[in-house]
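Student: The structure is given below, and queries will be raised subsequently.
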Amino acid sequence: MALLAETPSLPPGAQLQVWHQVYKRGEALFRVGEAFVSIGILRSGAVKTYLQREDGSEQVLSFLMPGDILGLDAIASGRHMRNAVALDTTSACMVPFEGIDELCNTMPALRREMMRQMSLGLVRDARIHMLLTMRTADQRLAAFLLDLSRWFGARGFSAREFQLPMPRADIANYLNIKPETLSRALTRMQNEGLIRAERRRLLILDPGKLQAAADETSDPAEWAMPRKHVQ
């Protein structure tokens, strides 16, 4: 939430306790069932959220990167509804929700930002549900790579060449496709001159063709949970 960093000063008498936390790769920021105390604003690194199935396997729900907020889905119940784990060395700014709640009463701009973030989550879920119940594995992957491209471009980085912050196995899980299906889709895109992929390094060679492969009708802003499995 950039708003906290951009706010030049707080109202007289207002105090906001903020602390920074660094997480190693694989370390949990929070787990299902834990009490909701604070929200986290990612400063660096990347995080995946997931649920654990009865058989012990994971269902990846989302990927979060610098600027994204963690924990908003726990506001209603007071407990976290998903697991959040660092994909790499990750730092987060942790803000007690009670403090933010109090500040929202004196800072309308902060309240609007919180509502905007929650609204984005609802829009994201509805859009991804539509996309992932209709699209093929190639279309899902193309749309996912375009989302990453836009994310990097919007933050001043190269929109055409970047490092994937998550392993391919997690991408396949998130898109609800098999790892071998993801590998075949990447190979087809490379053979068709759309991308070049080497380990986690990705180069978009032809953004127009990648857009056509995704067959998008509007720009997705975020990612969320897939619904339908594609072989």
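Student: Residue by residue through region 136-163, note down the ones that are assigned to a loop (DSSP other than H, G, I, E, B) and closer than 13 Å to ILE195 by Cα.
Tutor: Within region 136-163, ALA159, ARG160 meet the criteria.
Student: Could you list, in sequence order, the residues of region 39-60 that are at pLDDT below 90 and either within 11 Å of the chain's Cα centre (by Cα) or closer than 14 Å to ALA84 by Cβ (or both)?
Tutor: Correct list: ILE39, GLY40, ILE41.
Student: Continuing with this model, one more query. Looking at region 146-173 only, could you name the residues that are buried (at least 20 other Cβ atoms within 10 Å of the Cβ) and in contact with a Ser or Thr (Cβ under 8 Å, 6 or more places away or on another chain)?
Tutor: Result: ALA172, single match.
Student: Okay, moving on. Please work out which residue is modelled with the highest pLDDT, limiting yourself to region 197-213 and to residues that are loosely packed, with under 14 Cβ neighbours inside 10 Å and of a type in the set (Lys, Arg).
Tutor: ARG201
Student: Among the numbered criteria (1) in a loop (DSSP other than H, G, I, E, B); (2) free of Cβ contacts under 8 Å to residues at least 60 places away in the same chain; (3) under 16 Å from the mean Cα position of the chain (by Cα), which single criterion is violated by ARG116?
Tutor: (1)
Student: Without any contact (Cβ under 8 Å) to a residue 12 or more places away in the chain, surrounded by 20 or more Cβ atoms within 10 Å (Cβ to Cβ) and touching a helix residue (DSSP H, G or I) at 6+ places or on another chain (Cβ under 9 Å), is that true of ALA142?
Tutor: No, not satisfied.
Student: Looking at region 82-96 only, could you name the residues that are outside any strand (DSSP E or B), in contact (Cβ under 8 Å) with a residue 60 or more places away in the chain and buried (at least 17 other Cβ atoms within 10 Å of the Cβ)?
Tutor: Once the filter is applied, which keeps residues that are outside any strand (DSSP E or B), in contact (Cβ under 8 Å) with a residue 60 or more places away in the chain and buried (at least 17 other Cβ atoms within 10 Å of the Cβ), region 82-96 yields only LEU87.
The values are calculated or read from the model by the stated rules, or taken from the named source; none is laboratory data. The shown structure was predicted, so the numbers you read here are calculated from the model rather than taken from an experiment. Reconstructed Cβ throughout: ideal geometry from the backbone, glycine too, with neighbour counts over all protein chains shown.
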